[in-house]
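Q: Dropping the structure in here first, questions after.
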Amino acid sequence: MALKTGEEYIESIRQLDLKIYLFGERVENPTEHPILRPSLNAVKATYDLAQDPEFRDLATAESPYTGGRVNRFSHIHESTADLVNKVRMQRTLGQKTASCFQRCVGMDALNSVFSTTFDMDQANGSSYHAKFLDYLRYIQSNDLIVDGAMTDPKGDRSLPPHKQADPDMFVHVVERREDGIVVRGAKAHQTGASNSHEMIVMPTQTMTEADRDYAVTFAVPMDAEGIFMIVGRQSCDTRKTEGSPMDTGNPDFGGMEALIVFDDVFVPNDRIFMDGETEFSGLLVERFAGYHRQSYACKTGVADVLIGATALAADYNGVPKASHIKDKIVEMVHLNETIWASALACSYEGTATPSGNYMVDLLLANVNKQNVTRFPYEIVRLATDVAGGLMVTAP
Ligand SMILES: Cc1cc2nc3c(=O)[nH]c(=O)nc-3n(C[C@H](O)[C@H](O)[C@H](O)COP(=O)(O)OP(=O)(O)OC[C@H]3O[C@@H](n4cnc5c(N)ncnc54)[C@H](O)[C@@H]3O)c2cc1C
């Protein structure tokens with residue numbers, strides 16, 4: 001079943017034994033929880049898009065690893081055309097959900113671990129890449145969601161992992177066994193954690209030899225023993241529990257992030273993709289971050305919705321022809337298309353890695369990230385200006 005329907009996806013998440021905590025209590029039925037369900041719907045949109053004949057080429061791709069069609073979110077980029085299709089798909093999904101649809105981190109993890117395991121094997125004669133390809137086939141042929149887990153809590157930022165007062169500030173190996181490793185620690189801010197089947201865990205920064213136990217990359221099922229998720233709050237989230245159709249913002253869709261705790265989690269050998277190769281930790285971080293900076297193309301789709309809503313508010317107020325209103329909407333479009341230009345540029349300027357998959361242009365991907373950390377704020381300021389006080393004080 002290489003392409004799941006949206007309903008099959010939700011059913012597959014329902015089957016997992018996820019240990020999710022919200023407001024200090026375990027969530028018994030996460031797929032139906034009013035705060036989590038909108039975020040599940042947003043991930044479901046990535047399955048619905050792949051089923052829609054209009055978006056088939058954008059949302060799916062031919063995989064040389066399974067020999068069939070797979071969701072683009074689990075595809076390994078084979079060309080600059082793939083990189084461009086990735087950002088086009090992200091903008092489209094931003095327009096359809098007006099929120100974070102959470103599946104990009106997994107795509108970015110798959111592509112960065114793909115090329116880095118290849119480079120490690122070339123340098124050291126290890127056999128990580130073949131193991132990773134088996135895992136990739138599993139993800140692609142079952143159309144699974146993968147959480148890309150890089151960011152550790154980190155503690156005192158001026159100290160490396162092994163010098164932290166609390167050794168669990170970074171995920172690390174606490175036991176090496178014949179059949180695998182046992183890991184402990186946490187990953188913070190994990191996008192889509194409660195809506196994922198699997199998780200790829202990667203080091204968060206360049207490591208030195210003294211941090212060998214922290215230079216670890218592996219995959220685990222999201223409901224593996226010892227994994228706990230503590231959901232982060234979203235602004236105004238309890239409005240979604242009030243049962244009213246009014247005043248809930250974007251009621252059908254939303255994002256979610258969680259702190260994931262690894263309480264002595266066992267990882268079998270066939271799911272370990274780096275263990276102690278500190279010299280490759282920085283490269284993996286650079287590649288994941290590069291892909292993820294490209295992924296912020298999604299925000300242009302979200303802003304498309306906001307720009308449309310702003311124009312509608314101007315219509316309601318009877319001022320759509322006022323020149324300063326038109327100037328402000330043009331400015332919103334200009335800022336949004338400037339983000340889009342950098343997302344496209346880093347994709348078109350991508351190049352092949354030694355493994356054969358395609359990497360974005362890192363400098364231009366960084367420009368995209370810089371744009372996205374600035375322009376959305378100005379776009380929202382202009383939306384607030386055009387809409388008037390009702391946006392804040394609606395009864
Ligand atoms: C909505 C959201 C979703 C996210 N989703 C994911 C996800 O799915 N997967 C994932 O892995 N991560 C995710 N992240 C995490 C994100 O990648 C991190 O927040 C980001 O990398 C910054 O790390 P930090 O939060 O630890 O901040 P820090 O790195 O601590 O930065 C805070 C400040 O301290 C400064 N600083 C830090 N270290 C030093 C130092 N040594 N010297 C001097 N200055 C320093 C920084 O420059 C910055 O100004 C998400 C974050 C958000 C907000």
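Computed from the coordinates by the stated procedures, all read-outs in this text should not be read as laboratory data. Remember, predicted model here, so these are calculated numbers, not experimental data. Note that each Cβ is placed from the backbone with ideal geometry, even for glycine, and that neighbours are counted across all protein chains shown.
Q: Straight-line reach from Lys163: which lysines have Cα under 16 Å away, leaving out those fewer than 8 places along the same chain?
A: By straight Cα distance, Lys163 reaches Lys154.
Q: From the phi angles alone, apply the Karplus equation (6.51, -1.76, 1.60; θ = phi - 60°) to the range 219-232 and give each ³J(HN,Hα) in whole Hz, x where the residue is Gly or Pro.
A: Per residue, the Karplus-derived 3J(HN,Hα) values read 10, 9, x, 5, 9, 4, 4, x, 9, 10, 10, 10, 6, x Hz.
Q: Would you mind checking which residues have amide H under 5 Å from Thr60's amide H? H placed 1.01 Å from N; only 5 or more apart, or other chain.
A: Amide H to amide H, under 5 Å and 5 or more residues apart or across chains, Thr60 pairs with Arg72.
Q: Taking each pair of different alpha-carbon atoms in the chain once, compute 1/r for the pair, average those values, and report the inverse of that mean as the Kirkwood hydrodynamic radius in Å to one decimal.
A: On the way: mean 1/r = 0.0457 Å⁻¹.
Radius from the Kirkwood sum: 21.9 Å.
Q: In addition: Which residues does a label at Gln95 reach in the range 56-83, if reach means a backbone N under 18 Å from a point 7 Å past the Cα toward the Cβ?
A: Answer for the range 56-83: 56-60.
Q: Mind giving me the FRET efficiency for Ser126 and Phe266? R0 is 22 Å, r the Cβ-Cβ distance, nearest 0.05 is fine.
A: On the way: r = 21 Å, r/R0 = 0.96.
The value I calculate is 0.55.
Q: Could I ask something else about it? In whole Hz and in residue order, list the ³J(HN,Hα) couplings for the range 269-279 that follow from phi through the Karplus curve 6.51 cos²θ - 1.76 cosθ + 1.60, θ = phi - 60°; x for Gly and Pro.
A: Ordered by residue, 3J(HN,Hα) equals 3, 6, 10, 9, 10, 6, 8, x, 7, 4, 5 Hz.
Q: I've got another one for you. Once the Cα atoms of helix 281-295 and of the chain are each reduced to a long axis, what angle between those two axes, in degrees from 0 to 90 to the nearest 10, is obtained?
A: 20
Q: Further question on the same structure: Mind checking which of Asp179, Asp48, Asp147 has the largest fluctuation in a GNM of the chain, springs on alpha carbons under 10 Å?
A: Per the Cα network of the chain with a 10 Å cutoff, Asp179 tops the list.
Q: Between Thr5 and Gln370, how many nm apart are label points set 7 Å from Cα along the C-beta direction?
A: Simple spin-label model gives 4.8 nm for this pair.
Q: Suppose the chain between Cys236 and Asn317 were pulled fully straight at 0.36 nm per residue; how much longer would it get relative to their current alpha carbon spacing?
A: Values: separation 81, 0.36 × 81 = 29.16 nm, distance 2.63 nm.
This chain segment gains 26.5 nm when fully extended.
Q: Measuring from a point 7 Å past the Cα of Glu331 along Cα-to-C-beta, which residues in the range 379-395 have an amide N at less than 16 Å?
A: 379-388
Q: Quick one: grab the alpha carbon gyration tensor of the range 6-48, order the square roots of its eigenvalues as a ≥ b ≥ c, and give me rounded if a/c is under 1.5, else prolate or oblate depending on whether a/b is larger than b/c.
A: The shape class here is oblate.
Q: Rounded to the nearest 0.05, what FRET efficiency do Arg381 and Glu62 give with R0 = 45 Å and r taken as the Cβ-Cβ distance? Could you check?
A: On the way: r = 43 Å, r/R0 = 0.97.
With a Förster radius of 45 Å, E is 0.55.
Q: Evaluate the distance, in nm, between pseudo-label points positioned 7 Å from the Cα of Asp156 and of Val305 along their respective Cα→Cβ axes.
A: Simple spin-label model gives 4.4 nm for this pair.
Q: Can I ask one more? I'd like the orientation of helix 80-97 relative to the chain: the angle between its Cα long axis and the longest Cα principal axis, in ° from 0 to 90, rounded to 10.
A: Once rounded, one gets 50 degrees.
Q: How far, in nm, would the chain grow between Asn250 and Gln51 when pulled straight, counting 0.36 nm per residue and subtracting the alpha carbon separation?
A: Taking 0.36 nm per residue and subtracting the Cα distance, the gain is 69.3 nm.
Q: A further question follows. Which links in Lys19/Lys187; Lys86/Lys369; Lys4/Lys44; Lys44/Lys131 stretch past 18 Å when you go from one Cα to the other?
A: Lys44/Lys131
Q: Can I ask one more? How much of the pair distance distribution for the range 296-395 lies past 15 Å, counting alpha-carbon pairs only, in percent?
A: 64
Q: Which of these, Ser112, Ser127, Ser79, has the largest mean-square fluctuation under a Gaussian network model of the chain (Cα springs below 10 Å)?
A: Judging by the Gaussian network model, the answer is Ser127.
Q: Rounding to the nearest 10 and keeping the result within 0 to 90°, find how far the Cα-based axis of helix 128-142 lies from the longest principal axis of the chain.
A: Taking the Cα atoms of the chain, the angle to 128-142 is about 40 degrees.
Q: Explain nothing, just compute: Karplus ³J(HN,Hα) = 6.51 cos²θ - 1.76 cosθ + 1.60, θ = phi - 60°, for every residue of the range 199-214 in order, whole Hz, x for Gly and Pro.
A: Result, rounded to whole Hz: 9, 9, 9, 10, x, 9, 7, 5, 10, 10, 3, 5, 9, 3, 5, 9.
Q: Also: Nearest 500 deg cm²/dmol is fine: what mean residue ellipticity at 222 nm does the chain get from its DSSP H runs of n ≥ 4 alone, each adding -39,500 (n - 2.57), divided by its residue count?
A: One gets -14000 deg cm²/dmol as the mean residue ellipticity at 222 nm.
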